[in-house]
Amino acid sequence: LLYVGTELGLHISPDDGTTWQPLQANLPVTPVYDLMVKHDDLIVATHGRSFWIMDDVTQIHQAIDLSDTSAPALIRPHDTVRAPEHLFASFWGSLEGKNYHTTLGQNSTFYLTETETGHKVRRVIDGGEDYPHGVRITYHLPADLDGPVTLSVLDGDGELIESFTSDIPEDKADREGVYCTADPGMNSFWWSMQYPVGPKMTDSNFHGAPRGPLAMPGDYSVKLDVGDWSATQPFALVKDPRIETPDEDLQAQFDLMMQIQDRLSETTTAINRCRDLKTRLADWAGRLDDIDGGADAASGARELSASIEAIETQLVQPELKSPGDSLNYREQLWEKLNDLVPIVASADARPTAQSYDVFEKLSGEIDPHLSKLDEVISGDLAALNDTLASLGVDIIGA
């Protein structure tokens, strides 16, 4: 594969110079006076329009070798350096208007947008878009494709980490996570190198789903399913060459992150259970008021709802609607444990002894409330259901 810089841009030849085709993409029409291929990236020096980099030319190598464009094809992803996201860049940024983070290590103004697939794109004013964080997965689809496709990321043992579909719900409110595309021709998908998030808390736009840990360095693979056709390609996550953290320390970090996520997910499930029960109890209390002999049952439903709410408000602060609310309302156990996540994940390092201590402390404080919820459901709710049964009305399931 040959590259040539001309007065009007960039061209490539796949056959030692016999034929040429433009490789312009979003490169302006401008003189190209120098070229270099380094680490599989093509570096382009223009006259008056700055430096440009085309990341990972191995994608071009494989695309040129595609012999049958009427069939699906999965390009082998480039081995990618495993690195955590910027401590603040991954947590801050509004989709509405400009973002300024001069006090948080980002001395530039940027816009944050979200694509149809749910991926976030950061466009720095006068600086272009950030290179996406993660592994780029490229695949080709025929024009006559019928139905969605699925991308699956597998670990070194072939175990599924997460799957992504191109079947994107029309209503944005129904979308969860990120999706892949199924457009005719070449498609790209970015895997964040993160394990999947946990369950989402109901009735809250402030509390995010429990975050999964950054994947360990090692061998992985991606599988593309298109109807009855499928293909798998290997790739690797490479340890950042700038660090000397032993693998056992990274494994300890991964394990603690998984423990935190599991605990947050368990707590989220309990909170969702509380909110679902309160909704149904309130509904039944209103109905029971209109049923002969239902006054006591209605009172019992309201008392039970109050007991459940007391448990819920120890687990989570429902008044938190935006980041500034933490100045006015006390964080509860869910928020405190969630605050530990960016601390443990902030660098490629073994968690500190204090991180383990905080996790054990908060996890121990969560246990009594989860046990209390089980007792209320097996005791008070069961007794209320006996009363409902005697009145000949439906039983409230847990």
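The values are calculated or read from the model by the stated rules, or taken from the named source; none is laboratory data. Predicted, not measured: the structure shown is a model, and the values here were computed from it. Don't worry about glycine lacking a Cβ; one is built from the backbone with ideal geometry, like all the others, and counts go over all protein chains shown. Remember, those area values only see protein heavy atoms, side chains included, never the ligands or the DNA or RNA. Shrake-Rupley method; radii C 1.70, N 1.55, O 1.52, S 1.80 Å.
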For this session: Of the numbered conditions (1) touching a strand residue (DSSP E or B) at 6+ places or on another chain (Cβ under 6 Å); (2) in a loop (DSSP other than H, G, I, E, B); (3) at pLDDT below 85, Thr69 fails exactly one; give the number of that condition.
Result: (1)
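Please specify each residue of region 337-352 satisfying the condition of being free of Cβ contacts under 8 Å to residues at least 12 places away in the same chain and either in contact with a Ser or Thr (Cβ under 7 Å, 6 or more places away or on another chain) or not hydroxyl-bearing (Ser, Thr, Tyr) (or both). Spell out the reasoning first.
Filtering region 337-352 down to residues free of Cβ contacts under 8 Å to residues at least 12 places away in the same chain leaves 339, 352.
Listed by number, the list holds a single entry, Asp339.
Take the conditions farther than 18 Å from Lys372 by Cβ and at pLDDT 95 or above and apply them to Leu327. Does it pass? Give the derivation first.
Details: farther than 18 Å from Lys372 by Cβ: yes; at pLDDT 95 or above: no.
No.
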For this session: Would you point out which residue out of Asp255, Asp228, Asp247, Asp219 is open to solvent by 40 Å² or more (accessible area, probe 1.4 Å) and within 30 Å of Leu333 (Cβ to Cβ)?
Result: Asp255
For this session: From the list Glu312, Glu319, Glu331, pick out the single residue that is in a helix (DSSP H, G or I) and either of a type in the set (A, V, I, L, M, F, W, C) or under 27 Å from the mean Cα position of the chain (by Cα) (or both).
Result: Glu312
Exercise. When Asp157 is evaluated against the numbered criteria (1) part of a loop (DSSP other than H, G, I, E, B); (2) within 26 Å of Val81 (Cβ to Cβ); (3) under 16 Å from the mean Cα position of the chain (by Cα); (4) modelled with pLDDT of 90 or more, which criterion, by number, is the only one it fails?
Worked result: (3)
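Would you say Gly286 is open to solvent by 30 Å² or more (accessible area, probe 1.4 Å), modelled with pLDDT under 90, under 26 Å from Leu264 (Cβ atoms) and not polar (S, T, N, Q)? Please lay out each step first, then the result.
Working: open to solvent by 30 Å² or more (accessible area, probe 1.4 Å): yes; modelled with pLDDT under 90: yes; under 26 Å from Leu264 (Cβ atoms): no; not polar (S, T, N, Q): yes.
Judged against the criteria, Gly286 is not a match.
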Problem set entry | Candidates Asp380, Asp296, Asp292, Asp367, filtered to the one that is in a helix (DSSP H, G or I) and farther than 20 Å from Cys274 by Cβ | Asp296
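Taking region 164-200, which residues are part of a strand (DSSP E or B), of a type in the set (Gly, Ala, Ser) and open to solvent by less than 60 Å² (accessible area, probe 1.4 Å)? Show your work before the answer.
Applying the first criterion (part of a strand (DSSP E or B)) to region 164-200 yields 164-165, 185-191, 194.
If we keep only those that are of a type in the set (Gly, Ala, Ser) too, we end up with 185, 188.
Answer for region 164-200, where residues must be part of a strand (DSSP E or B), of a type in the set (Gly, Ala, Ser) and open to solvent by less than 60 Å² (accessible area, probe 1.4 Å): just Gly185.
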Exercise. Which members of region 317-339 meet the condition of being open to solvent by 40 Å² or more (accessible area, probe 1.4 Å) and among the aromatic types (Phe, Trp, Tyr)?
Worked result: Tyr329
Seminar exercise, completed: When region 340-351 is checked residue by residue, the ones that are open to solvent by 70 Å² or more (accessible area, probe 1.4 Å) and modelled with pLDDT of 95 or more are Arg350
For this session: Looking only at region 244-252, decide whether some residue is touching a Ser or Thr at 6+ places or on another chain (Cβ under 6 Å) and either of a type in the set (A, V, I, L, M) or assigned to a loop (DSSP other than H, G, I, E, B) (or both).
Result: no
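When you scan region 238-258, do you find a residue that is among the acidic types (Asp, Glu), over 23 Å from Leu384 (Cα atoms) and in contact with a strand residue (DSSP E or B) (Cβ under 6 Å, 6 or more places away or on another chain), even just one? Explain how you work it out, then say what you get.
Quick first cut of region 238-258, residues among the acidic types (Asp, Glu) only: 240, 244, 247-249, 255.
From what is left, the residues that are over 23 Å from Leu384 (Cα atoms) are 240, 244, 247-249, 255.
Next, only the ones that are in contact with a strand residue (DSSP E or B) (Cβ under 6 Å, 6 or more places away or on another chain) stay: 240.
Yes: one or more hits.
Residues checked against (1) hydrophobic (A, V, I, L, M, F, W, C); (2) over 20 Å from His207 (Cα atoms):
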residue: Ala285; (1), (2): yes, yes
residue: Gly294; (1), (2): no, yes
residue: Glu303; (1), (2): no, yes
residue: Ile311; (1), (2): yes, no
Problem set entry | Search result, residues across region 31-76 that are over 30 Å from the mean Cα position of the chain (by Cα) and surrounded by 16 or more Cβ atoms within 10 Å (Cβ to Cβ) | Val32, Val44, Thr46
Problem set entry | region 105-140, residues that are touching a residue at least 60 places away in the same chain (Cβ under 8 Å) and either over 17 Å from Trp190 (Cα atoms) or touching a helix residue (DSSP H, G or I) at 6+ places or on another chain (Cβ under 6 Å) (or both) | Thr138
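Kindly indicate whether any position in region 370-379 is of a type in the set (Ser, Thr, Tyr) and surrounded by fewer than 13 Cβ atoms within 10 Å (Cβ to Cβ).
Start the filter on region 370-379 by keeping residues that are of a type in the set (Ser, Thr, Tyr), which leaves 371, 378.
So of that shortlist, the ones also surrounded by fewer than 13 Cβ atoms within 10 Å (Cβ to Cβ) come out as 371, 378.
Yes, there is a match, as at least one residue in region 370-379 is of a type in the set (Ser, Thr, Tyr) and surrounded by fewer than 13 Cβ atoms within 10 Å (Cβ to Cβ).
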Problem set entry | Every residue from region 1-20 that is assigned to a loop (DSSP other than H, G, I, E, B), closer than 25 Å to Pro77 by Cβ and without any contact (Cβ under 8 Å) to a residue 60 or more places away in the chain | Pro14
